[in-house]
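First up is the structure itself, then whatever we jot down about it.
The values are calculated or read from the model by the stated rules, or taken from the named source; none is laboratory data. Since this is a predicted model, take the numbers as computed values, not measurements. As a convention, Cβ positions derive from the backbone with ideal geometry for all residues, glycine included, and neighbour counts pool all protein chains shown. Heavy atoms of the whole protein, side chains included, go into the accessibility calculation; ligands, DNA and RNA do not. Shrake-Rupley method; radii C 1.70, N 1.55, O 1.52, S 1.80 Å.
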Amino acid sequence: MVAFDERLGLDLYGAPTRPDVTAGFSLHRYAWPVALAFTLPWLLERRVPLLPPSRVSINRTTGELTARPVGFHCLPDDPAAGRADARVVPDRRALDAALRTALAEHFAPVLDSFRPLVRRGPRTLWGLVTDDVVDGLWYVAGLLGEEPRAVAALEALLTGDAAAAPFVGTPGFRAEGGGRARTRVSCCLYYTVRPTELCVSCPRAK
């Protein structure tokens with residue numbers, strides 16, 4: 001993945017990107033869509049897939065993501081609650097906890113693999129995952145006309161306290177310009193390749 005992004009960086013920016021920045025871009029380009037494989041079913045179907053890294057593949061050339069869950073958490077009234085691969089939880093609060101656990105179990109080994117390349121500490125890497133969990137669902141929910149529902153669900157999911165560990169911070173949505181905005185918990189380092197261009201939610205813009 002990192003080698004792919006090295007070549008992509010040359011095509012996009014006309015010059016090599018720093019190795020740690022390139023690895024960070026690769027991690028983000030993995031985390032953003034894979035987080036959606038968990039959060040979209042949670043938001044729309046009230047189901048949390050059990051999806052270890054070995055059951056995910058991404059073809060960066062085509063953009064195709066394949067996910068093969070080994071089971072799922074659901075609520076007692078789910079029509080599929082009787083299936084052998086269903087793990088029934090008592091209520092929505094427990095389902096939120098199941099989502100945090102499933103995401104953490106998936107991303108912990110991924111971050112361990114990327115950390116030597118990205119050269120950033122665990123808190124910063126979990127901040128990146130937190131941002132991708134929030135930004136991915138927020139964006140797609142907006143396309144589906146479900147933004148208010150997604151915002152409320154994310155704010156209940158990521159509370160910034162010990163219950164939400166290892167995730168870092170809160171979604172931090174705020175009203176701005178007639179809509180919603182947020183400032184990222186982590187910095188994606190895009191400014192290192194385009195110094196005059198800041199991301200919409202860049203923490204450096206504070």
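Quick notes on this structure:
- Flag for Thr62 being out of contact with any Phe, Trp or Tyr (no Cβ under 9 Å at 6 or more places or on another chain), modelled with pLDDT under 95 and of a type outside the set (A, V, I, L, M): yes
- Residue in segment 17-30 that is modelled with pLDDT under 95, surrounded by fewer than 18 Cβ atoms within 10 Å (Cβ to Cβ), assigned to a loop (DSSP other than H, G, I, E, B) and more than 20 Å from the chain's Cα centre (by Cα) present: yes
- Within the option set Leu43, Leu75, being open to solvent by less than 40 Å² (accessible area, probe 1.4 Å), within 18 Å of the chain's Cα centre (by Cα) and not hydroxyl-bearing (Ser, Thr, Tyr) holds for one residue only, Leu43.
Listed here are the residues, each with its yes/no results for (1) of a type outside the set (Gly, Ala, Ser); (2) open to solvent by less than 20 Å² (accessible area, probe 1.4 Å); (3) farther than 16 Å from Tyr30 by Cβ; (4) not in a loop (DSSP other than H, G, I, E, B).
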| site | (1), (2), (3), (4) |
| --- | --- |
| Glu105 | yes, no, no, yes |
| Leu111 | yes, yes, no, yes |
| Gly127 | no, yes, no, yes |
| Val133 | yes, yes, no, yes |
| Gly136 | no, yes, no, yes |
| Val140 | yes, no, yes, yes |
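- Residues of segment 150-189 classified as assigned to a helix (DSSP H, G or I) and at pLDDT below 95, total: 3
- Residue count for segment 46-59, restricted to those that are outside any helix (DSSP H, G or I) and surrounded by fewer than 18 Cβ atoms within 10 Å (Cβ to Cβ): 5.
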